[in-house]
Amino acid sequence: MKWWVFILLPFHLLAQETYNDCVAIEPQSYQVNYDADKNYYWSISSGQVVSTFDNTITIQWPDTAGDYFISVYTTRFGCEGDTSHYQVVINPCPYATLFFPTSFSPNGDGINEQYSVGGRSVDDIEYMAIYNRWGQRIFESLSNKSWSGEGCPIGVYTINVFIKNNRFVRPITLVR
């Protein structure tokens, strides 16, 4: 009688990447080698499975920094087979991501009444100041605080924002 010994070696995920959380991460697809006689079982530590089909899975990873895991194992004729694990790393954004609206209209209609900076890095704002066209500081804050434009005439103003020794200067148009 002959005995056959099969050693099942781990198979490897074909797509492997590291991301930054600077912008929204598009859904990512991962694939392992295909065998028609195998059943594939996927699991992820976080995120959302967009689709799965046998040896392929598409995942929407979270948009926050962290280490996330994906794994897949197979069965063949009821016996556990190949297994693969993979770590997806999402690093914190290495630079500030801010959105500066170009104008606002504090005219009492309930639309764009306040000026505020947006984006992922707004909680990191250490100081902000708004200046009129003569360079006079008319508003300042030690955080991302909204500016109402109260008592200010129509015109162009300048906002200065400081985050971790980085200075951002942008124009703001106040319209009524």
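The values are calculated or read from the model by the stated rules, or taken from the named source; none is laboratory data. Remember, it's a predicted structure, so these values are computed and weren't measured experimentally. FYI the Cβ positions are ideal-geometry reconstructions off the backbone, even for glycines, and counts take in every protein chain you see. Accessible surface is based on the protein model in full, side chains and every heavy atom, while ligands, DNA and RNA are left aside. Shrake-Rupley method; radii C 1.70, N 1.55, O 1.52, S 1.80 Å.
Residues are listed down the side, and each one gets a yes or a no for (1) under 30 Å from C22 (Cβ atoms); (2) of a type outside the set (S, T, N, Q); (3) surrounded by 13 or more Cβ atoms within 10 Å (Cβ to Cβ):
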position	(1), (2), (3)
G66	yes, yes, yes
I70	yes, yes, yes
R133	no, yes, no
L142	yes, yes, no
P153	no, yes, no
I163	yes, yes, yes
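Only strands (runs of 3 or more DSSP E) wholly contained in region 59-176 count here; list those with 3 or more residues that are without any contact (Cβ under 8 Å) to a residue 60 or more places away in the chain and either among the charged types (D, E, K, R) or in contact with a Pro (Cβ under 9 Å, 6 or more places away or on another chain) (or both).
Passing ranges, in order: 66-76, 155-163.
Looking at P92, is it more than 20 Å from the chain's Cα centre (by Cα) and at negative phi?
no
How about region 115-131: which of its residues are closer than 19 Å to F104 by Cβ, open to solvent by less than 40 Å² (accessible area, probe 1.4 Å) and in contact with a strand residue (DSSP E or B) (Cβ under 7 Å, 6 or more places away or on another chain)?
Residues satisfying the conditions are Y115, V117, G118, I125, M128, A129, I130.
Return only the number of the condition from (1) at pLDDT below 85; (2) open to solvent by 80 Å² or more (accessible area, probe 1.4 Å) that N39 does not satisfy.
Answer for N39: the failing condition is (1).
Return yes or no: is I90 closer than 26 Å to G118 by Cβ, modelled with pLDDT of 85 or more and out of contact with any Ser or Thr (no Cβ under 6 Å at 6 or more places or on another chain)?
Spelling it out, I90 is indeed closer than 26 Å to G118 by Cβ, modelled with pLDDT of 85 or more and out of contact with any Ser or Thr (no Cβ under 6 Å at 6 or more places or on another chain).
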